[in-house]
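Read-outs: derived from the displayed coordinates by stated rules, not from any lab. This is a predicted model, so every value here is computed, not measured. Backbone-built Cβ (ideal geometry, glycine too); neighbour counts: all protein chains shown.
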Amino acid sequence: MNQENNFDEIDKIFVDYFKNEKIEPIPKSVQDSFNETLNKIKSSYNYIYYLSKVAVIVVIIGILSTSVVFAKDIVHFISSIFTNSTEAINTAIDNNYVQELNLDYVYYNDVGVTIDYILLDNSNLDISLIYKYIGSDTIDEIIIDEFKIKSDKEAILWERAEEENTLMEGATLSKISDVINIDKNVYKDSLLISSKHFSEINSIILEINSFKIKINGEYKIQDGKWIIEAKIDKDKLKREKVEYEIESNEYISDSFIEMTETSLNIHLDFNIMIDTDILKNPDNVVLIDAGYNKHSYKKLDLYNEQTLYLEYDIGRFSENIENFTLEIMITDDEMIVLKAK
């Protein structure tokens with residue numbers, strides 16, 4: 001697909017539209033032409049490279065169009081390639097740290113599934129999925145129901161069966177977001193798992209046993225057996241950890257700080273007892289980067305009231321992270337300041 005030709009086509013649509021500023025709402029012919037161009041871009045595995053220019057169009061459409069559905073669809077389209085994501089993951093994607101897959105759809109009982117993108121480092125696994133319904137009905141929604149994600153070593157990363165969720169030790173699953181309708185009977189979804197055990201994974205295996213399909217306002221269960229394996233491209237996803245050292249501090253007996261592509265993980269051993277209730281307030285544990293930007297933790301665990309684990313939505317592609325300061329309230333009146341580089 002020729003990128004410039006698609007951009008020229010989009011430009012022409014809006015030149016024609018703005019020749020007559022009194023046109024309201026956007027004519028159906030313009031909507032159809034614009035949607036046709038969007039579908040061309042959507043069908044390309046390289047659509048991420050079109051987002052910046054389409055984003056400008058969205059601003060214009062959002063202000064001028066009275067067609068809410070039309071504008072909403074475009075906003076969904078230009079969102080991250082992962083519907084479940086973080087700021088650090090999006091920054092990594094902007095730096096091409098994402099693996100594009102060209103896998104065929106796996107079909108069963110009128111439902112096709114494929115994985116189009118995957119991102120994996122030592123901290124996060126994000127899987128982008130496309131669901132396609134090929135039955136005769138027009139569906140309102142399709143939601144993944146019972147499924148399992150495991151590694152090539154048969155380790156269960158996450159499993160959902162009969163409303164029960166199972167995670168591997170030390171892992172967390174982000175809330176499954178709403179699926180996004182990108183075409184007739186075609187929906188986009190993603191699953192985001194965070195863990196400390198992803199370093200030795202060579203491939204991801206997704207096994208789906210059922211979907212919930214909404215037709216005419218009612219859900220039905222579609223059972224089946226969809227199995228997809230996504231091999232991790234080691235050349236594309238070369239991992240580079242960054243380690244930090246903390247300046248000597250009388251309250252800290254030991255520390256380990258590591259930054260992956262999508263996460264900053266901090267382990268601190270205190271030689272005093274820490275008040276858990278104080279630390280539960282994110283405002284009492286603030287990270288200040290080299291650009292004086294303040295960050296709240298994404299995750300906090302306190303072990304034995306002396307070992308603190310913090311996780312921040314900051315990755316090695318983020319700005320101003322060559323050094324940082326950590327301000328921790330240890331009592332209502334006392335703060336400790338840790339400097340890391």
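For the pair the range 98-129 and the range 304-323, the centres of their Cα atoms are 28 angstrom apart. Ranked by the mean number of other Cβ atoms within 10 Å of their residues, highest first, the peptides 269-281, 133-145 come out as 133-145, 269-281.
Structural size metrics of the range 92-192, computed from C-alpha coordinates, are Rg and Dmax of 14.6, 43 Å. Here the translational diffusion coefficient of the range 164-251 follows from Stokes-Einstein with Rh set to the Kirkwood radius across Cα pairs; for 25 °C and 0.890 mPa s it amounts to 141 µm²/s. For the range 289-337, would you read off the P(r) tail past 17 Å as a percentage of all alpha carbon pairs? Of all Cα-Cα pairs in the range 289-337, 45 percent lie more than 17 Å apart.
If you wrap the range 191-238's Cα atoms in a convex hull and average its projection over all directions, what's the area in nm²? Write down the numbers at each step before the final one.
Values: hull surface 20.4 nm².
Here the figure is 5.1 nm², rounded to one decimal.
When the alpha carbon coordinates of the range 249-315 are projected onto the principal axes, the ranges are 30, 22, 20 Å, largest first.
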